[in-house]
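Read the structure below first, then the notes.
Derivation of every value follows stated rules applied to the coordinates shown; laboratory data play no part. Nothing here was measured: the structure is a model prediction, and the numbers come from that model. Here Cβ is always computed from backbone atoms with ideal geometry, including for glycine, and neighbour counts include all displayed protein chains.
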Amino acid sequence: MDWQAWHRDYDDPESPVSQRLAEVRTRLATLLGAVRGRPRLLNLCAGDARDTVPVLAALAGAGRRVDACAVELDAELAGAARRSAEAAGVTLDVRTADAADPATYADRLPVDVLMLVGVLGNVSDADGGTTIRAAASMLVPGGAVLWSRSDRFRSEPGHDYADPAAWVRDRFEAQGFETTAYVVPAQGHWRLGVARLATPSPAPLPDRLFTFVR
Ligand SMILES: C[S@@+](CC[C@H](N)C(=O)[O-])C[C@H]1O[C@@H](n2cnc3c(N)ncnc32)[C@H](O)[C@@H]1O
């Protein structure tokens, strides 16, 4: 998969992914704004972090700083994320690295907000389950995950849900998360969820969370 080409869909402000982007930014701003003290944010498979940088900039304009880290494997996209953070005058620790390996960002954990946007639809259901279980070990008490999943299947399903996003939502709930938002657009295949966790899991993180299937 050419993820740089995938990002070009953002050039069309009417595209489904642009509409999702607007929703992600709004939800992220609300989540970070609600944290008491300095929020800690981790964005896995962050792409060029266009969902994060403007939110950090708006918060900085209101006098609020965020300890933010973005992990992206593609060097070009990671470079774009670094450049846009610099241009916006915000601090974003961009790591060009494998987000499937928790050792990459162990020093950043636990966080108030974990972003898994554009991740769970690109991995097998088994890896999705592993990642969701791991998310429960990556948050502070009361922390939240902002996640997305399309309603399409990219690999052989490991369940009988008609909509795999509903399966993801229910997997978070099975790990003790409370779904506080589940956005289904009038048109378009994306779904966006916000899930909050009162009590994090003490389970150690696995060595690997996922492998992209495309
Ligand atoms: C669907 S895009 C989502 C990008 C961004 N989160 C967004 O929503 O705009 C998936 C991203 O995951 C990145 N990626 C794939 N495998 C990865 C891995 N193992 N570690 C870090 N990033 C990865 C790709 O390079 C791509 O930028």
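Remarks
- Region 47-98 gives an Rg/Rh value of 0.97, both radii derived from C-alpha positions and Rh following Kirkwood.
- Max mean-square fluctuation residue, GNM over the chain, Cα-Cα springs under 10 Å, options R65, R152, R191: R152
- Stretching E178 away from F212 to a fully extended chain increases their span by 9.6 nm, per 0.36 nm per residue minus the current alpha-carbon distance.
- The chain: DSSP helices with Cα axial extent of at least 18 Å and average Kyte-Doolittle hydropathy no lower than -1.0: 16-33, 75-88
- Value at 222 nm in deg cm²/dmol, rounded to 500, when DSSP H runs of n ≥ 4 in the chain each add -39,500 (n - 2.57): -9500 deg cm²/dmol
- Selection among H189, L120, N43 by position relative to the dipole of the chain gives N43 as farthest towards the positive end (Cβ unit charges, Cα centre).
- For the chain, modelled as a GNM whose springs connect Cα atoms under 10 angstrom apart, the maximal fluctuation among D160, D74, D170 occurs at D160.
- Choice from A87, A70, A195 showing the highest fluctuation, given a GNM over the chain with Cα pairs closer than 10 Å: A87
- FRET E, pair R152, A106, Förster distance 22 Å, beta-carbon r, rounded to 0.05: 0.10
- Rough spin-label spacing in nm, given labels placed 7 Å along Cα→Cβ, for A22 and R64: 2.2
- Region 47-98: relative contact order in percent, alpha carbon pairs under 8 Å with at least 6 residues between: 46
- Inter-centroid distance (Cα atoms) of region 114-156 relative to region 59-86, Å: 21
- Each Lys or Arg adds one and each Asp or Glu subtracts one; over the other residues with Cβ under 10 Å from the Cβ of T96, this totals -2.
- Across region 1-160, Cα-Cα pairs more than 22 Å apart make up 40 percent of the total.
- Approximate shape of region 73-181 as ellipsoid semi-axes (Cα gyration tensor, √5λ), whole Å, largest first: 26, 17, 13
- Lys, Arg +1 and Asp, Glu -1 on Cβ, resulting dipole of region 1-92 about Cα centre, debye, nearest 20: 740
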